[in-house]
Amino acid sequence: MANSCKSKEEFANEAIKRALRSLRKRHLSEEGAHASAFAALSKPIVSQGSEWKEKAESFEVELQQCYKAQSRVSEQLVEEIAESRILKALVQEKETATAGLQKELTEARDECMQLKKDLEDKIKALEVVLSENAELKVHLEQMTVRAKNAETENKTLVDRVMLEKMKNAEQLNEANQLYDDMIKQLKASGLEKFARQQIDGIVRRSEHGTDAFLQSNIPSTCKHRLQAHEGGCASILFENNSNKLITGGQDRTVKVWDTDSGSLISNLYGCLGSVLDLAITNDNQSVIAASSSNNLCAWDLNSGRVHHTLTGHKDKVCAVDVSKVSSRHVVSAAYDRTIKVWDLLKGYCTNTIIFHSNCNALCFSSDGQTIFSGHIDGNLRLWDIKTGKLLSEVVAHSLAVTSISLSRNGNVVLTSGRDNSHNLFDVRSLEVSSTLKAEGNRVASNWSRSCISPDDQNVAAGSYDGSVYVWSASKAETVCTLKEHTSSILCCAWSGLGRPLASADKNGVVCIWT
């Protein structure tokens, strides 16, 4: 297109040049022609003068017309040249646009080729996936067949297990019958007391140190500060009539400590969740832990081995206690709204109590026939251990009950609540004999445990600010405030010998107070 425009402009220039040359030649030829005429006119010929004059005038007019024609042709040529330049600029713009479009077309072709290549790769990958899917379907069918076979085998095994359990139940019934016969024989021979001590595990004030204490001291000094657990320590208790302290924490361990030296005696492993509560049998042979893993673990303290894992709860187990009469009866409460009674010797549940309000704390009565339970609705309830029937109910706190402790003589039960009060109930009448409060004392959690001293004269409870408050039970007034912890206190426990007092906090620190 540019070449055509250039040739057109050159052609116009050549045409102009040829026109100018022809005009010059014509002018020269006319001048030559007119020269003879002028020469003739100059002659004194009167007859020819007028004729030549007319010719000259006509020639001059014709020459002027030629000049005008030349001027018009020049103007046309200028206009054509300007138009050709405009056309040339337009051609250049079109060429630039054409080059851009050509470039875009090339890029589009490259992109199309890349997309085509990617599509081919995707198609290949899809073919591989379809092939793998087919293989997985075949494998799934095989696994389904195996699962059906396993389910059939499992049903067969369950039937066999149930048959074995029935056989075991029959054997246990026979053993219970033999046990009853032996009791009758022992009663007949006058050895009833011995039989209870040897078979039922009843301890009738025969342990060393049962009456060793005279009066519980008021603690004032932190003797030992132990980093007992990683995370919080939610439960502590002393061995019966001993200075050995047992602690359980969020690190899933139970530890035994010598409070005289502050040294660790042993570790008990096997709990699958955080330890929320602890209980110990009267003979100090077994310790039971309530766990957030929905079960209870029972250890032999002598060997440190788990001899029972009590399963059946559907939510975290938050409270546990052992009968004060028989070491075989255990009661537990969980957040599945159930309270379960267990036979520790047999290792299974003997009774389940279902109630609409979750239980946070519980304990046995002194005769082992009644269960005291504290619930999140703030009520204290009494249950018959054999029938599971509700015997009595009383409003203990305006908010959730967090702790229940029975006095050593069995006549008073201590309850603590989220309303930051601690009530002492007369077991016989279920009336509040005393209410303990202190400014600044705030219960830290739904499972904050308080305790009564062995002589039933004092009450100890931890607070949100890390302080331990000690009250006089008879005067209902604070006798001392112990400060050593740096975080909220979760539980307190008093040694059965009257001293020391122990407390544990959310950081896993245990303080021994004397």
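The values are calculated or read from the model by the stated rules, or taken from the named source; none is laboratory data. Remember, it's a predicted structure, so these values are computed and weren't measured experimentally. Cβ atoms come from the backbone with ideal geometry, glycine included; neighbour counts cover every protein chain shown. Heads up: the accessible areas ignore ligands, DNA and RNA and are worked out on the full protein's heavy atoms, side chains in. Shrake-Rupley method; radii C 1.70, N 1.55, O 1.52, S 1.80 Å.
A few notes on this one:
- Residue count, region 343-365 (criterion: more than 24 Å from VAL427 (Cα to Cα), in contact (Cβ under 8 Å) with a residue 24 or more places away in the chain and part of a strand (DSSP E or B)): 2
- A single member of LEU264, LEU296 is in a strand (DSSP E or B), buried (at least 21 other Cβ atoms within 10 Å of the Cβ) and out of contact with any helix residue (DSSP H, G or I) (no Cβ under 8 Å at 6 or more places or on another chain), and it is LEU296.
- In the set (1) among the small types (Gly, Ala, Ser); (2) at pLDDT 90 or above; (3) surrounded by fewer than 17 Cβ atoms within 10 Å (Cβ to Cβ); (4) not in a strand (DSSP E or B), the condition left unmet by GLY190 is number (2).
- Matching residues in region 17-54 - criterion: being at pLDDT 65 or above and open to solvent by 80 Å² or more (accessible area, probe 1.4 Å): LYS17, ARG18, ARG21, ARG24, LYS25, ARG26, LEU28, GLU31, GLU51, LYS53, GLU54
- For region 329-353, a residue qualifies if it is open to solvent by 40 Å² or more (accessible area, probe 1.4 Å) and under 19 Å from LEU406 (Cα atoms), and exactly one does: HIS329.
- Scanning region 366-378 turns up at least one residue that is in contact (Cβ under 8 Å) with a residue 12 or more places away in the chain, open to solvent by 10 Å² or more (accessible area, probe 1.4 Å) and closer than 24 Å to ALA234 by Cα.
Here's the yes/no breakdown for (1) of a type in the set (Ser, Thr, Tyr); (2) open to solvent by less than 10 Å² (accessible area, probe 1.4 Å); (3) in a strand (DSSP E or B):
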residue	(1), (2), (3)
TRP447	no, no, no
ASP456	no, no, no
ALA461	no, yes, yes
VAL470	no, yes, yes
SER474	yes, no, no
VAL479	no, no, yes
SER487	yes, no, no
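- Residues within region 396-418 that are within 18 Å of TRP447 (Cα to Cα) and open to solvent by 40 Å² or more (accessible area, probe 1.4 Å), tallied: 3
- Answer residue from region 315-328, given it is closer than 20 Å to LEU272 by Cα and either part of a strand (DSSP E or B) or in contact (Cβ under 8 Å) with a residue 24 or more places away in the chain (or both) and is most open to solvent (accessible area, probe 1.4 Å) among those: LYS316
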